[in-house]
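Chemist: Quick one: the structure is below, and I'll ask about it shortly.
The values are calculated or read from the model by the stated rules, or taken from the named source; none is laboratory data. As the structure is a computational prediction, the values presented were derived from the model and not from experiment. Here Cβ is always computed from backbone atoms with ideal geometry, including for glycine, and neighbour counts include all displayed protein chains.
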Amino acid sequence: MTAEYQVHEQVAVLSLHNPPVNGLGLATRIALLAGLQRALADSSIGAIVIAGAGKVFCGGADIREFGLPTALAEPNLLDLIDQVEASPKPVVVALHGVCMGGGTELALGAAYRVVQRGTQIGLPEVKIGLVPGAGGTQRLPRAIGLAPALNMIVTGNPMLADNLAKIPGQQMIDLLVDGDLIAAAVAFAQSKSALAAPKLRESKVAAVDADQVLQQARAAAAPQFPAQAACIACVEAALRQPFDEGIAFERAAFANLMDTPESRALRHAFFAERAAAKIADVPESTPLRTVRQVGVIGAGTMGVGIAMNFLNVGLPVVILETSEAVLQRGLATIQKNYQSSVRKGMLTEEKLAQRLALLTPSLEYAALADCDLIIEAVFEEMSVKEWVFRQIDAIAKPGAILASNTSTLNIDQIAQFTSRPQDVIGLHFFSPANIMRLLEVVRGKHTAKDVLATAMALAKQIKKLAVVSGVCDGFIGNRMIEQYSRQAGFLLEEGALPAQIDAAMERFGFAMGPFRMSDLAGNDIGWAIRKRRYIEQPEISYPQVFDRLCEAGRFGQKTSAGWYDYQPGDRSAHSSAAVDAMVIRVSADLGITRRAISDTEIVERLVYALVNEGAHILEEGIASKAGDIDMVYVNGYGFPLYRGGPMHYAREVGLSQVLETMHGFAAADTQNRQKAAWIAAPLMTRLAESGVGFS
């Protein structure tokens, strides 16, 4: 059953039943239209109410149908909305919870809308690279006016029904209710049963300073997201063209955008994000461990950021340090961060007080005895981790989850420092931990399934995107970024300079180029990792320019000198003549004749290095899905969302083309410094030969 038919006092109530979000797939559309026709054929029915079962009215169209015959199969969404709008009996849509996309377009096609307070209403199609395709760009401006509709459609951000109802002259919400929504909708429908049903298509778009509003919207649109400009053009069509012409314009824009690489990338990201939570051998029914209190070891930058995530959702936190001075500095940082949110209007003083009241500082490991989850965020050195985990193991209660925030170290080795390896897991937060959305959840060889399931549920609770990684040096993100960074270093030694490489990658769409990113994170972090690998993996060659920079004490923003120069209190990167000269000296020392390097080569070498290492990671089972790798890079490393992540981007380019380019890089490496980097992962070769991409 995808739509239920009931009669309440001569009013037919059609309820969407398609969990979890009542998506308007073909079966639901067929059932809804059948219910509408049944109500119209029954002379005892005076009006019709369309509602949603469960917690939401409707999450929108089923985007899994996009590009498939079922999307256009009759009744398609436009057909259904036309039938609702043409109904001789008034149709009232009862909205609650969430009403998005096609659900909002369906609601706009009805004669009236009765809405429960707190309902979120939106047209988010631009976020998957599309325009609303079932009349949303034509009816919403007629319902709430040009400027508010333009903002909702171009940003894709929803609005609360309570705020929509306050827009002067709005026709979006006819009745805002607190209590029984269905009873209110039925009573409202009864009151309208003898009246001619209004149609938004017959209304004019209310607009003040229309040309200026449209001009400002065009100026703000991002060229990397063509759907934004298309949304503006569609809304302008609603203003200037008859309704049917506007609908035709919208449909053409929708069809054109469907086949753009940007929309394919955004739709890939949409599905990949949701798929990241699914773990093949851990069913959704896996019982979870109870987490009522969290312990965080370390009150440095990472520790305080991690603690804030749990305080933000009302979980008590014990934060532990071995030094009173460091502990107090960490507490002051938490206070400062929250005070900043208060000044920006993002947090009330009352909420600030509530969060701080949940925080217990301590210098004693015994304070962690009642914690259900303990996360260490101490120095990235195995001997330090060993000492900490032996202390945790001695005091943590049975069943407590013991987590490491390590970014590279072996979780299985860390687990062996305890008597309960099944309770140990990696929770790799990204800095700043209270802001960055990505969380790598590292599954050890012995990690229990309920521990993994609990970690994933907690990640969702603290509003993180969790991606599961297996155990290897650097996990998914840092293992791949090492190859990316090595290529950046080799390019320096061959003829490029930091500013050129950063500019090329930022034009490609990265939030930061590799050298600005390294200065922000701290160049000494990579230096420490390299020193360890010089011993563990002496066969790997690294660009010498990296160590030269660190030997000069240029660790990045923290020392006001890294690949760039920085002024006190200013994080702007200024090209450094000293660094450029040092780079050129290193080339001479290595006997390399510097050459002109194109931006195209820079982008291809860095991105394809990511892709090849990602393919190795997939083949080894460190990541279970290519989409997981893409989510790590989009959410943790600034890879451009509109390119979908490195693995999706390689599919867009074509794996055969990627391999051909890699072979060219290997052939050009006459000094044999990096041929290993361009040995293609067997998985990539197999996929290229079969003519498919990473799926």
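Chemist: I'd like the full set of residues that are of a type in the set (Gly, Ala, Ser) and surrounded by 20 or more Cβ atoms within 10 Å (Cβ to Cβ), limited to the stretch 559-576.
Modeler: ALA561, GLY562, ALA573, SER576
Chemist: Separate question: Can you tell me which residue in the stretch 11-27 is farthest from the chain's Cα centre (by Cα), limited to those that are at pLDDT 95 or above and farther than 19 Å from ILE121 by Cα?
Modeler: Per the criteria, the residue is VAL11.
Chemist: Same structure, new question: With (1) closer than 23 Å to ALA433 by Cβ; (2) modelled with pLDDT under 95 as the list, and MET258 as the residue in question, which single condition is left unmet?
Modeler: That leaves (1) as the condition not met.
Chemist: Quick test of your reading of the structure: ASP209 fulfils all but one of (1) crowded, with 16+ Cβ neighbours inside 10 Å; (2) within 36 Å of the chain's Cα centre (by Cα). Name the failing condition by number.
Modeler: Among (1) crowded, with 16+ Cβ neighbours inside 10 Å; (2) within 36 Å of the chain's Cα centre (by Cα), ASP209 violates only (1).
Chemist: Further question on the same structure: Looking at ALA207, ALA187, ALA197 in this structure, which one is modelled with pLDDT of 95 or more and either assigned to a loop (DSSP other than H, G, I, E, B) or not basic (Lys, Arg) (or both)?
Modeler: Just one listed residue meets the conditions, ALA187.
Chemist: Same structure, new question: Do you know which residues across the stretch 285-309 are part of a loop (DSSP other than H, G, I, E, B) and either in the same structural domain as CYS234 (by TED's automatic domain parsing) or touching a residue at least 24 places away in the same chain (Cβ under 8 Å) (or both)?
Modeler: Passing the criteria: THR286, PRO287, LEU288, ARG289, THR290, VAL291, ARG292, GLN293, GLY298, ALA299, GLY300.
Chemist: Here is a follow-up. Looking for whichever is without any contact (Cβ under 8 Å) to a residue 12 or more places away in the chain, part of a helix (DSSP H, G or I) and farther than 27 Å from ALA276 by Cα here; the options are THR600, THR670, THR593. Which one fits?
Modeler: THR600
Chemist: Report whether or not ALA229 is in a helix (DSSP H, G or I) and farther than 23 Å from GLY133 by Cβ.
Modeler: No; evaluated as a whole, the condition is false for this residue.
Every residue, every condition in (1) surrounded by fewer than 19 Cβ atoms within 10 Å (Cβ to Cβ); (2) of a type outside the set (A, V, I, L, M); (3) not assigned by TED's automatic domain parsing to the domain that holds LEU427, yes or no:
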| residue | (1), (2), (3) |
| --- | --- |
| VAL607 | no, no, yes |
| HIS616 | no, yes, yes |
| LYS625 | no, yes, yes |
| PHE639 | no, yes, yes |
| GLY654 | yes, yes, yes |
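Chemist: Right, another one. Could you please give the count of residues in the stretch 377-402 that are touching a strand residue (DSSP E or B) at 6+ places or on another chain (Cβ under 8 Å), over 21 Å from ILE529 (Cα atoms) and either among the small types (Gly, Ala, Ser) or touching a residue at least 60 places away in the same chain (Cβ under 8 Å) (or both)?
Modeler: Final tally of qualifying residues: 4.
Chemist: Here's something else I'd like to know. Can you list residue pairs whose Cβ atoms sit under 7 Å apart, with the first residue in the stretch 547-558 being over 20 Å from ARG533 (Cβ atoms) and the second being assigned to a strand (DSSP E or B) and not polar (S, T, N, Q)? Count only pairs 6 or more apart in sequence or on different chains.
Modeler: As it stands, the answer is ARG554/ALA561, since those pairs meet every condition given.
Chemist: Looking at this structure, is ALA367 touching a strand residue (DSSP E or B) at 6+ places or on another chain (Cβ under 8 Å), surrounded by 18 or more Cβ atoms within 10 Å (Cβ to Cβ) and not in a loop (DSSP other than H, G, I, E, B)?
Modeler: no
Chemist: Can you tell me which residue within the stretch 250-289, out of those that are of a type in the set (Gly, Ala, Ser) and within 16 Å of the chain's Cα centre (by Cα), is farthest from ALA230 (Cα to Cα)?
Modeler: Looking at residues that are of a type in the set (Gly, Ala, Ser) and within 16 Å of the chain's Cα centre (by Cα), I get ALA277.
Chemist: Pairs, please: C-beta under 6 Å, at least 6 apart or cross-chain, first residue at pLDDT 95 or above and in the stretch 358-376, second of a type in the set (Ser, Thr, Tyr) and surrounded by 15 or more Cβ atoms within 10 Å (Cβ to Cβ)?
Modeler: From the stretch 358-376, the pairs are GLU376/SER404.
Chemist: Suppose we filter LEU439, LEU452 for residues that are touching a helix residue (DSSP H, G or I) at 6+ places or on another chain (Cβ under 7 Å), aliphatic (A, V, I, L, M) and crowded, with 21+ Cβ neighbours inside 10 Å; which single one remains?
Modeler: LEU439
Chemist: Something else now. Tell me which residues, restricted to the stretch 65-74, are in a helix (DSSP H, G or I) and surrounded by fewer than 17 Cβ atoms within 10 Å (Cβ to Cβ).
Modeler: PRO69, THR70, LEU72
Chemist: On to the next question. Would you mind telling me which numbered condition in (1) surrounded by 14 or more Cβ atoms within 10 Å (Cβ to Cβ); (2) assigned to a helix (DSSP H, G or I) GLY664 fails?
Modeler: (1)
Chemist: Considering each residue of the stretch 403-428, count those that are among the charged types (D, E, K, R) and in contact (Cβ under 8 Å) with a residue 40 or more places away in the chain, and give that number.
Modeler: Within the stretch 403-428, residues that are among the charged types (D, E, K, R) and in contact (Cβ under 8 Å) with a residue 40 or more places away in the chain number 1.
Chemist: Another question about this same structure. With a cut-off of at least 1 residues that are without any contact (Cβ under 8 Å) to a residue 24 or more places away in the chain, small (Gly, Ala, Ser) and more than 22 Å from VAL56 (Cα to Cα), name the helices (runs of 4 or more DSSP H) lying wholly within the stretch 75-172.
Modeler: Because the criterion is at least 1 residues that are without any contact (Cβ under 8 Å) to a residue 24 or more places away in the chain, small (Gly, Ala, Ser) and more than 22 Å from VAL56 (Cα to Cα), the helices (runs of 4 or more DSSP H) in the stretch 75-172 that meet it are 77-86.
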